[in-house]
Structures are given as structure tokens and as C-alpha cells.
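Undergrad: Mind looking over this structure? Questions follow.
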Amino acid sequence: MDKKLNQWWFRLLKVIYVILFLTTIGFSLGVTLSDSKPHTNIYLSTYNFMCQDGSVHGKYDSVLLDKQYYLDVEYFDFYDVTYKRLARFQCQYNEYLKTLDEEDKKEWYTLAINNEIEDLSITKNYTIGFEEKIITGTWQEYYLLILLSLIVPIIVFSLIRYIFFYVAKNEHKFIFNEFKNIK
């Protein structure tokens, strides 16, 4: 048996090596599993709003939305009070607005923007939904990242081990000893 295996510092170094190796594998897997799953990109998706009568209006970027509940589009709302007012106006007067010509519609929208409509609903009578849902990432990328998060630390730690044995013991150990004797 090798003399160095009986020395306390060498055994300590092996324990530290194993702990660092397992920690690195755990950390890389944890980061990969938590951050790289395919998910709906709420910033690149576009949205519309649907009134309680089922009519759908608009196409809005995510900039206009207050995304205080990042995971559930059901709780999204417009960021600006004016957009909230316009959506409530559109839903409350939807049937009436269909009967008006363009000039009258502009006048009504101006009144809604300036908050001059007295009987405008103050409760939310619409829901925000996806116009175009953008998915970021694929399952193939996800599984490839998991595989890489396992393989890369194994290769790096094998190289560290090889370099250590070369420097400390002047041995040319094959990186993966189990493959050395394959014939």
C-alpha cells in the first residue's frame, strides 16, 4: 500500500475532494433543474383582454401589464390606470360602441380617457389573456443541460485528480482507470 494513503493530510484531501465533487454536482443539477425548464415568457408574449360577454379586444405588449403575480396570467392587469379605465369602458359599452361611427367612438374614448363618464364601472369587468404565448426553451435543451451538468463536473474533477497525482506522486494515471484495461 502506498505511504501517502496512510498520511492524514492525504486522506483529508480525498475527503475534501469528494465533498467538493458532490457539492458541485448538486449545485449544477439544482441550477439546471430550477432555471432551464421550458416556460411561458411573459415578457415576449402579447396579451388581449376579454369582457364578461366573451368579446376579445386589443393586442398589448407586456410593458403595459402589471405583472405582480408572475406565474398566473389570471391575475395580470394593466399597469396604467388609463388602460384599466379604457378596458372597463370597452367592456361596459361594447354593444353601444358597435353602433357608433368612428367620429363618435373617438369622442367617447376621449371622455373615457379623461375620466368624464359618470356611470363607468369601477370594478374590473374583464380578464387578461394571451394573444400570442411565447414559450422559452425546449425539453431537448433542458435534458441536454441536465446531461451536461453531470458530465462537465465529472470531467473537470477527473482532470484535477490526474493533475494532482502527476504533481504529488509523479504518476501518469489514466483519467478513467476503469477504461484502461478494455481490450
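No value in this document is a laboratory result; all are computed from the given coordinates. A quick note: this is a predicted structure, and the numbers were derived from the prediction, not measured. Ideal geometry is used to build each Cβ from the backbone, glycine not excepted, and the neighbour counts take in all protein chains shown.
Undergrad: Per residue of region 34-45, what does 6.51 cos²θ - 1.76 cosθ + 1.60 with θ = phi - 60° give for ³J(HN,Hα)? Whole Hz please, x for Gly and Pro, Karplus curve as stated.
TA: Whole-Hz 3J(HN,Hα) from phi for region 34-45: 8, 10, 10, 5, x, 8, 6, 8, 6, 8, 8, 6.
Undergrad: Of K106/K133; K59/K98; K37/K84; K59/K106, which pairs sit farther than 28 Å apart, going by alpha carbon to alpha carbon?
TA: K106/K133; K37/K84
Undergrad: State the Kirkwood hydrodynamic radius of region 39-136 in Å, one decimal place, computed from all pairs of distinct Cα atoms. List each step's numbers first, then the result.
TA: Working: mean 1/r = 0.0706 Å⁻¹.
Value: 14.2 Å, from the Cα pair sum.
Undergrad: Which far-off residues, 5 or more places away or on another chain, put their amide H under 5 Å from the one on F78, with H placed in the peptide plane?
TA: D66
Undergrad: Can you sort R11, R88 by how many other beta carbons sit within 10 Å, fewest first?
TA: The most exposed by this proxy come first: R11, R88.
Undergrad: Through the Karplus equation 6.51 cos²θ - 1.76 cosθ + 1.60, θ set to phi - 60°, convert the phi angles of region 114-127 into ³J(HN,Hα) values in whole Hz; use x for Gly and Pro.
TA: Working through the residues one at a time gives 7, 6, 10, 9, 6, 9, 5, 4, 9, 9, 5, 10, 8, 10 Hz.
Undergrad: Ok, one more. Among H39, H57, rank each residue by its count of other Cβ atoms within 10 Å, from fewest to most, as a rough exposure measure.
TA: So the ranking, lowest neighbour count to highest, is H39, H57.
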